[in-house]
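The block underneath contains the structure these notes are about, expressed in structure tokens.
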Amino acid sequence: MNVTEAVKTRISVRAFLDAPVPEAEIRAILDIARWAPSGGNLQPWRVHVVTGAARDRLVETVKQAIAANPLGDEAELAIYPPGLAEPWRSRRFELGEQMYARLGIPREDKGARLTWLLNNYAFFGAPAGLFFSLDRRFDKGQWAHLGMFMQTIALVAAEKGLATCMQEAWAARARTVSAFLGLDEGEQLYCGMALGHADPDAPVNALRSARASVEEFATFIAE
Ligand SMILES: Cc1cc2nc3c(=O)[nH]c(=O)nc-3n(C[C@H](O)[C@H](O)[C@H](O)COP(=O)(O)O)c2cc1C
């Protein structure tokens, strides 16, 4: 698989098979992804990998936290800015509508939509979960570097026939997850990532999200 193929075949998978990914394979992916670039070569990222019994324990712990506090932890990081403007608002809306259409959940069934979203907190059934954190002393630049690292992981996973879903949903449970991972106060949890084998028969995995054309986001200045 070449880079173009990896970029184009990587999608967010939201239903995984119950098939393990050996720790050695995850290490091998990280061993490649560590070559991602970062300003000043800071390599600011930290990644915390949960598999096996630890993964199951985390899912159970978060399930209990959700039951005790359905609204979630006070968000340290807003996933979207308040009052999301156009065209971003519509893109988000469209993605949601396409996803729920695949799942056969109508708009008015808010309960079913919410229940579906809770699958985030079980990694959509994936056997491995990755969590990304940063030292709180870092600034915006380092957040971008972390993003490069995450995308590199997703592309390498795609090359190896594995599937991923980045999951900022975990930010709503940052306190519980940080405690579980043993992160100290100086470390800020950003995002999770489900990693495993895609379920090819799951309708939600047939979703192909749209993209704006180059003309919509690029400016070329030649003279
Ligand atoms: C940083 C980041 C966080 C995301 N968080 C979630 C999430 O919590 N749950 C989810 O289902 N998808 C999540 N996504 C997936 C996006 O919805 C998805 O990347 C986008 O719709 C484009 O679709 P694609 O990844 O299939 O190409 C996240 C993606 C990124 C990059």
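Which order do Lys140, Lys160 fall in if you start with the one that has the fewest other Cβ atoms within 10 Å?
Numbers: Lys140 7, Lys160 14.
In order of increasing Cβ crowding within 10 Å: Lys140, Lys160.
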(message) Pick from Ile153, Ile11, Ile105 the residue whose mean-square fluctuation is largest in a GNM of the chain, springs joining Cα atoms under 10 Å.
(response) Ile105
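Give a quick list of chymotrypsin sites (Phe, Trp or Tyr not before Pro) in the stretch 25-132 that DSSP marks as loop, anything other than H, G, I, E or B, with at most 13 other Cβ atoms within 10 Å. Walk me through the numbers on the way to the answer.
Working: sites: Trp35, Trp45, Trp88, Phe93, Tyr100, Trp116, Tyr121, Phe123, Phe124, Phe131, Phe132; in loops: Trp35, Trp45.
For chymotrypsin sites (Phe, Trp or Tyr not before Pro) across the stretch 25-132 that sit outside H, G, I, E and B with at most 13 neighbouring Cβ atoms in 10 Å, the list reads Trp35.
Can you list the chymotrypsin sites (Phe, Trp or Tyr not before Pro) in the stretch 174-223 that are in a DSSP coil and have 15 or fewer other beta carbons within 10 angstrom? Can you show the working numbers first?
On the way: sites: Phe180, Tyr190, Phe217, Phe220; in loops: Phe220.
Sparse-neighbourhood loop chymotrypsin sites (Phe, Trp or Tyr not before Pro): Phe220.
Just need the relative contact order of the stretch 100-174 here, percent rounded to a whole number, with Cα pairs under 8 Å and 6+ apart. Walk me through the numbers on the way to the answer.
Working: 20 pairs, mean separation 18.1, N = 75.
Across the stretch 100-174, relative contact order equals 24 percent.
Quick check on the exposure proxy: order Thr51, Thr61 from fewest to most C-beta atoms within 10 angstrom. Spell out each step's value before the answer.
Numbers: Thr51 19, Thr61 16.
The fewest-first ordering by Cβ neighbours comes to Thr61, Thr51.
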(message) Which residue fluctuates most in the GNM of the chain (Cα springs below 10 Å): Arg91, Arg211, Arg27?
(response) Arg211
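Normalised by the residues of the chain, what does the relative contact order come to in percent, with Cα pairs under 8 Å and at least six apart?
Working: 280 pairs, mean separation 87.3, N = 223.
Once normalised by length, the contact order is 39 percent.
Where a number appears in this text, it was derived from the coordinates with a stated rule and is not lab data. The model shown is predicted, which means the values in this text are computed figures rather than measured ones. Counting neighbours? That spans all protein chains shown, and the Cβs are built from the backbone with ideal geometry, glycine included.
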